[in-house]
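The values are calculated or read from the model by the stated rules, or taken from the named source; none is laboratory data. Just so it is clear, the structure is predicted and the values come from calculations on it, not from any experiment. Cβ coordinates were reconstructed from backbone atoms using ideal geometry, including for glycine residues, and neighbour counts include every protein chain displayed.
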């Protein structure tokens, strides 16, 4: 596999006519997925919001209210451990925004985790999002040049997007 830094294109000799372009996603949405641990987005001014597209514990509104009530990371962590069976709390921060992600007994049951949760991946994913370090991949296939009979013009060879994420 070859990676060209100047064009951010990945090709593979075993797959002629195919390539993947790597792009910086300047407008990435929040991390999402129902297997991602619950998370709260905390703004410096005191505003707290539940992360939209991650697992939502059945008590998420109560948890959100608890953050507002305690407004202290250590007390909030203790509350999570005592009232929701939390084993791990991970934090990512940048600028005025902090993301606190945590497991609950419900989350561990949902994902099949039997011991303490490892939220390193979640923390790293949120940190990348906060740091605008999110990339996309576009998979493309080469198209040959072809002659259009009805107008007599040739269509140049090019690349057609097949998939993207």
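Applying the criterion of being assigned to a loop (DSSP other than H, G, I, E, B) and over 13 Å from residue 85 (Cβ atoms) to the residues of region 112-124, the residue that is nearest to the chain's Cα centre (by Cα) is 119.
Residues of region 34-51 that are under 16 Å from the mean Cα position of the chain (by Cα) and within 13 Å of residue 126 (Cα to Cα): 36, 37, 38, 39, 40, 41, 51. With respect to being in a helix (DSSP H, G or I), surrounded by fewer than 12 Cβ atoms within 10 Å (Cβ to Cβ) and on the phi < 0 side of the Ramachandran plot, residue 27 falls outside the description.
What's the number of the only condition in (1) at pLDDT below 95; (2) surrounded by 12 or more Cβ atoms within 10 Å (Cβ to Cβ) that residue 81 fails to meet? All conditions are met except number (1).
Of all the residues in region 59-78, those that are surrounded by 14 or more Cβ atoms within 10 Å (Cβ to Cβ) and touching a strand residue (DSSP E or B) at 6+ places or on another chain (Cβ under 7 Å) number 4. Close contacts from region 134-163, counting a first residue that is exposed (fewer than 10 other Cβ atoms within 10 Å of the Cβ) and a second that is at pLDDT 80 or above, with Cβ to Cβ under 7 Å and a gap of 6+ residues or different chains, come to 160/140; 160/141; 160/143. Scanning region 114-133 for residues that are in contact with a helix residue (DSSP H, G or I) (Cβ under 9 Å, 6 or more places away or on another chain) and buried (at least 16 other Cβ atoms within 10 Å of the Cβ) yields one hit, 117.
Just to check your reading of the model, which residue among 128, 109 is in a helix (DSSP H, G or I), without any contact (Cβ under 8 Å) to a residue 12 or more places away in the chain and within 30 Å of residue 27 (Cα to Cα)?
The match here is 128.
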